[in-house]
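The values are calculated or read from the model by the stated rules, or taken from the named source; none is laboratory data. Keep in mind it's a predicted model, so treat the numbers as computed, not measured. In this analysis, Cβ positions are derived from the backbone assuming ideal geometry, glycine residues included, and neighbour counts consider all displayed protein chains. In case anyone asks, the SASA skips ligands and DNA or RNA and just uses the protein heavy atoms, side chains included. Shrake-Rupley method; radii C 1.70, N 1.55, O 1.52, S 1.80 Å.
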Amino acid sequence: MIVMLFIKIHNLENNTVVAMCDEALIDKVLEDDNIFFDIKTYASFYKGDLVEKKKALSMLDGLKVNSANIVGKESIDVAIEAKLIEKENINFVNEIPYAQSFLINYPD
């Protein structure tokens, strides 16, 4: 079975934001105690290209990313391999991994 994931690269004025989500989670609402991910309502944030892992890695190769929002096992695996996140920064909601990363540039 080929696992697919959504990847969307948001190019903003001075920032690049990457959103990745496993295809199987795109219409879900994940909730656990104080954590709430409404992926269903905000699916357009994640729905860019529907790709396999290899294609996602090539899209991220050499890309300078300021922020990343990653949800799902396959997406997390891609983000780790692309060095967007590190394993110790993975959290879980209902046993589903997610991570967020931010690069803060302070003015000189």
Per-residue ellipticity at 222 nm attributable to helices in the chain (runs of n ≥ 4 DSSP H, -39500 (n - 2.57) apiece, nearest 500 deg cm²/dmol) works out to -5000 deg cm²/dmol
Rounded to the nearest 10 Å², the accessible area of Glu31 using a 1.4 Å probe with every protein chain kept is 110 Å²
In debye to the nearest 20, the charge dipole size for the chain, taken about the Cα centre with +1 at each Lys and Arg Cβ and -1 at each Asp and Glu Cβ, equals 340 debye
Per the rule of 0.36 nm per residue minus the C-alpha distance, extending Asn34 to Asn89 adds in nm 18.0 nm
Output ordering of 16-26, 92-102 (per-residue mean of other Cβ within 10 Å, highest first) is 16-26, 92-102
If the chain between Lys47 and Asp61 were fully extended at 0.36 nm per residue, the gain over the current Cα-Cα distance would be 3.1 nm
Whole-Hz Karplus couplings 3J(HN,Hα) for the stretch 80-90, θ = phi - 60° and coefficients 6.51, -1.76, 1.60, Gly and Pro as x, run 5, 4, 7, 6, 7, 9, 10, 3, 5, 9, 7
Taking Ser44, Ser75 and ranking on accessible area (1.4 Å, protein atoms only), highest first, one gets Ser44, Ser75
